[in-house]
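Down below is the structure, laid out as structure tokens.
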Amino acid sequence: MKSYYGQWGGQFVPETLIPALDELERAFEAFRKDKAYRRELSVLLSDFAGRPTPLYYAPSLSSHLSCNIYLKREDLLHTGAHKINNTLGQIMLARFMGKNRVIAETGAGQHGVAAATACSLFGMECDVYMGKTDVERQAVNVERMRMLSARVREVGKGGGTLKGAINEAFRDWVANVRTTHYLLGSAVGPHPFPAIVAYFQSVIGKEARRQILSATGRLPDYVIACVGGGSNAIGIFRGFVADHSVALIGVEAGGKDLAPGQHAATLTCGKPGILHGAVSYLLQDDDGQIGEVNSVSAGLDYPGVGPEHSYLKEKGRARYEVCNDWEALDAFRLLARIQGILPALESAHAIGFVMREKGRFEGKTVIVNLSGRGDKDMEIVRNGGASHG
């Protein structure tokens, strides 16, 4: 298994973690080859999580934007987001390695809920690290995690967002690596984490490719997904990356700025650097210090991005664009009003980008990955985004 995507990725961690990462890589390779484990995971994804998710032609949104929009409905999964795909896979991997405790990090809370759900299912101990700011603005998901018997570890450092939560989760893992599996939620971190997360999330793209060919007899012109760390985007991109007729677009958070791209758009405004054990694009100041992000969406509040996205950008295979807070909020309201769907604010960034650039997509067939549902974001939307930052 390759540890780099071009120049991106690698393992920049304390020496004490190298044996754990080697163990994880060996276990993952064995897991992928084990037909019984793969069959059990397939049954869980179907009967417990609710796969396959529909690829829904959105008629009102399509008419409004003068293009053919299909929504990959990851919001309909158990726990309300794509995160359950990865957590079920990694919990089985942890069990395969004989680990009895799981730690996780979360921003918007969806990965934390999915991790707590999978741990409850398998009777495993679970601790979820979450930034103080995110605990406050995602109170419903915090209660869901606690109801599922997870311990929520509130982190005040690192701006009280996802970066600080990941930092603390890594510290815990270093101290307890013999008994604990770190269930990383996005396609970030040291090798082999980006590869593992992408593998378990690639089910999204595989399904979407089959479904669009069945529905239309052809591949789409565009596949679009929001990008924070990048797990939902890499999951759907994996189904189309070999099809060069399909344009791949990742949409980052632009924060509060009227002109997008000033605060939270890592691939648009970042520079190469090392964060959480891997080389990728990062938001940094002139002294190389990691920047703080500022987005209405907790799940996009991360100053880095998965190394595979950096590679796709460098090679020109994917483009990365920006949607600001107000465009995402407008998209949330529009999709609710005309299509009967409440999207997660993360996913609303992808919809908001298509709305702003609708002339580019006129007459085209577009798949947008609807990575999660928006119940968790209702208070933020109700306050017009004022409850963040």
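The values are calculated or read from the model by the stated rules, or taken from the named source; none is laboratory data. Since the structure is predicted, the reported quantities are computational estimates derived from the model, not experimental observations. Cβ atoms come from the backbone with ideal geometry, glycine included; neighbour counts cover every protein chain shown.
Just a few scattered comments:
- Filter pass, A348 being surrounded by fewer than 20 Cβ atoms within 10 Å (Cβ to Cβ) and either in a helix (DSSP H, G or I) or in contact with a helix residue (DSSP H, G or I) (Cβ under 9 Å, 6 or more places away or on another chain) (or both): no
- On inspection, S186 passes the criterion of being in contact with a Ser or Thr (Cβ under 9 Å, 6 or more places away or on another chain) and hydroxyl-bearing (S, T, Y).
- Scanning the range 178-211 for residues that are buried (at least 22 other Cβ atoms within 10 Å of the Cβ), in contact with a strand residue (DSSP E or B) (Cβ under 9 Å, 6 or more places away or on another chain) and assigned to a loop (DSSP other than H, G, I, E, B) turns up L183, L184, G185, S186, V188, G189, P190, H191.
- Residue-level check: of (1) in contact with a Ser or Thr (Cβ under 9 Å, 6 or more places away or on another chain); (2) part of a helix (DSSP H, G or I), N167 misses just (1).
- Apart from one condition, M130 fits all of (1) surrounded by fewer than 24 Cβ atoms within 10 Å (Cβ to Cβ); (2) in a strand (DSSP E or B); (3) within 18 Å of the chain's Cα centre (by Cα); the exception is (1).
- For the range 38-75, taking the residues that are assigned to a helix (DSSP H, G or I) and touching a strand residue (DSSP E or B) at 6+ places or on another chain (Cβ under 8 Å), the one that is surrounded by the fewest Cβ atoms within 10 Å (Cβ to Cβ) is identified as S62.
- Close Cβ contacts (under 7 Å, 6 or more residues apart or on different chains) running from residues in the range 181-200 that are under 17 Å from V241 (Cα atoms) to residues that are of a type in the set (S, T, N, Q) and surrounded by 24 or more Cβ atoms within 10 Å (Cβ to Cβ) comprise A187/S231; V197/N86; V197/S186; V197/S231; F200/N85; F200/N86; F200/Q90.
- For beta carbons closer than 8 Å, sequence separation of 6+ or different chains, a first residue in the range 285-301 that is in contact (Cβ under 8 Å) with a residue 40 or more places away in the chain and a second that is aromatic (F, W, Y), the qualifying pairs are V293/Y302.
- Of the residues making up the range 300-328, those that are part of a loop (DSSP other than H, G, I, E, B) and within 15 Å of the chain's Cα centre (by Cα) number 6.
- The single condition among (1) in contact with a helix residue (DSSP H, G or I) (Cβ under 6 Å, 6 or more places away or on another chain); (2) touching a residue at least 40 places away in the same chain (Cβ under 8 Å); (3) of a type in the set (A, V, I, L, M) that L77 does not meet is (2).
- If only residues of the range 228-243 that are touching a residue at least 60 places away in the same chain (Cβ under 8 Å) and outside any helix (DSSP H, G or I) are counted, the one that is nearest to S295 (Cα to Cα) is G228.
- Selected residue (only one of V43, V102, V113 is more than 22 Å from R333 (Cβ to Cβ) and out of contact with any Leu (no Cβ under 9 Å at 6 or more places or on another chain)): V43
- When G316, G291 are checked against the criterion of being modelled with pLDDT under 95, farther than 19 Å from M355 by Cβ and surrounded by fewer than 24 Cβ atoms within 10 Å (Cβ to Cβ), a single residue qualifies: G291.
- Criterion applied to K2, K35, K83 was being buried (at least 23 other Cβ atoms within 10 Å of the Cβ) and basic (K, R), and the one residue passing it is K83.
- Members of the range 14-37 found to be in a loop (DSSP other than H, G, I, E, B) and within 17 Å of A187 (Cβ to Cβ), listed by number: none
- Any hit, the range 302-320, residues being of a type in the set (S, T, Y), out of contact with any strand residue (DSSP E or B) (no Cβ under 7 Å at 6 or more places or on another chain) and in contact (Cβ under 8 Å) with a residue 40 or more places away in the chain: yes
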